[in-house]
1. Specify the residue that is surrounded by the fewest Cβ atoms within 10 Å (Cβ to Cβ); the eligible residues are those in the range 70-110 that are under 17 Å from the mean Cα position of the chain (by Cα) and among the hydroxyl-bearing types (Ser, Thr, Tyr).
2. Of all residues in the range 46-73, which are of a type in the set (Gly, Ala, Ser), free of Cβ contacts under 8 Å to residues at least 60 places away in the same chain and either in contact with a Cys (Cβ under 9 Å, 6 or more places away or on another chain) or in a strand (DSSP E or B) (or both)?
3. Kindly list, by first and then second residue, each pair from a residue in the range 282-293 that is over 20 Å from Val255 (Cβ atoms) to a residue that is surrounded by fewer than 22 Cβ atoms within 10 Å (Cβ to Cβ) and modelled with pLDDT of 95 or more, limited to pairs with Cβ atoms under 8 Å and residues at least 6 apart or on different chains.
4. With respect to Leu273, determine if the residue is within 26 Å of Ser54 (Cα to Cα), in a strand (DSSP E or B) and not hydroxyl-bearing (Ser, Thr, Tyr).
5. What residue, among those in the range 178-208 that are among the small types (Gly, Ala, Ser) and in contact with an Asp or Glu (Cβ under 8 Å, 6 or more places away or on another chain), is surrounded by the most Cβ atoms within 10 Å (Cβ to Cβ)?
6. Testing Arg119 on (1) closer than 19 Å to Val188 by Cβ; (2) over 20 Å from the mean Cα position of the chain (by Cα); (3) not in a strand (DSSP E or B), one condition comes back false. Which one is that?
7. Any idea which residue in the range 127-169 is farthest from Arg84 (Cα to Cα), counting only those that are hydrophobic (A, V, I, L, M, F, W, C), without any contact (Cβ under 8 Å) to a residue 60 or more places away in the chain and surrounded by fewer than 20 Cβ atoms within 10 Å (Cβ to Cβ)?
8. Go through the range 25-36 and give me each residue that's touching a residue at least 60 places away in the same chain (Cβ under 8 Å), within 16 Å of Ser74 (Cα to Cα) and under 17 Å from the mean Cα position of the chain (by Cα).
Amino acid sequence: MIVWLSALGCAPPPATHDCDLSGPHLVVATTDYVAGALAAVDPVTGCTADRLSSVGPDPIVRALQEGMVVADRSGGDTVRRFARSAYQTPVSEFVVEVGGNIHDLAQVDDQLLITLYDRDFAAVVGLDGAPRGTVDLSEQADADGLPEADAIVMVDGTPHLGLQRLTRPAHTADEAGWVAMVDLELQVVSGTLPLGPNPRLFASGGAELLVATGAFFAPDGEVFRVDPATGLRTSVLTEAEIGQDVTHAVAAGDVLLVVTVPHDPEGGPSQLLCVYPDGEIVLGLESVSWLRDIVVTPQGAVLATRRGWSFEGDGALYTVEPDTCGVALLTDAFLLDPDSIAWID
């Protein structure tokens, strides 16, 4: 079900700022999990245009071929598409599925493919939100009927969907999760591959997928590369080796940047690790902040942090230099903490 919303009736007054967003920049979804706002940052100067427009309390941002989208999760359901560098008012605003719990979006030609964590299908819509169909994922679900479709990673033009296949209502990782390859022209799953418990998918920059597996608060996961065409895997590290839960693994050239949180549910420091081709692992940052998101840029990467366990730490963006694993503050000029970031060329 698609519900169109008025993009003008609920828009806040345009924000004023003196940041130059005509070149490549970062868009940032900030939130305190009660309310959210969109910001943009010049990656060279750190100039921060904060509170450009209102978004939901659990937002994600994704770059498009032209412009970007913000999706509200956790019952928010709204998708807002913005033109490049014009983030005060969306050019389209729509709800794909009430209560669907959007987890990721990816543009494929003139369409958006959208994973819905609380449904047994992925939605396909036009850039204006007009329905284009669905991809049935019911055959890939576990016994509770939901496949928990999470991240979308494009490999050679084909969408690859991470299916976490958790057991509800406890959301335990009792069975292996899968990756599902989607033929979007036919709107069908063209193949699957088992990955392990609770898989999180990331782009490798090539024909492989980067995968992090494992339940949280337990040293049971692994980071590995996998060729989805053959199933061939190459292990990178295990959570037992590093003593942390892995949340993100992204490739910056031939360096793998791994973001972790502590196993202990009572909290502790989070880490950014750099994994080099020879297997060396270097600690780039250890912080009481929650290391919330990371995006690869032409210069390296940018890491987003927010106040962590017991509201310690800060909400900020840091640049990451992969060759040295050096980390430097880019900006902390946000009213709300950063939660999701995207690179806009």
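The values are calculated or read from the model by the stated rules, or taken from the named source; none is laboratory data. Here the structure is a predicted model, which means the values were calculated and not measured. Backbone-built Cβ (ideal geometry, glycine too); neighbour counts: all protein chains shown.
1. Ser74
2. Listed by number, the residues that qualify are Ala49, Ser53, Ser54, Ala71.
3. Ser289/Ala316
4. Against the criterion (within 26 Å of Ser54 (Cα to Cα), in a strand (DSSP E or B) and not hydroxyl-bearing (Ser, Thr, Tyr)), Leu273 does not qualify.
5. Gly196
6. Status for Arg119: all satisfied but (2).
7. Among residues in the range 127-169 that are hydrophobic (A, V, I, L, M, F, W, C), without any contact (Cβ under 8 Å) to a residue 60 or more places away in the chain and surrounded by fewer than 20 Cβ atoms within 10 Å (Cβ to Cβ), the one farthest from Arg84 (Cα to Cα) is Ala143.
8. Ala29, Thr30, Thr31, Gly36 - these are the residues of the range 25-36 that are touching a residue at least 60 places away in the same chain (Cβ under 8 Å), within 16 Å of Ser74 (Cα to Cα) and under 17 Å from the mean Cα position of the chain (by Cα).
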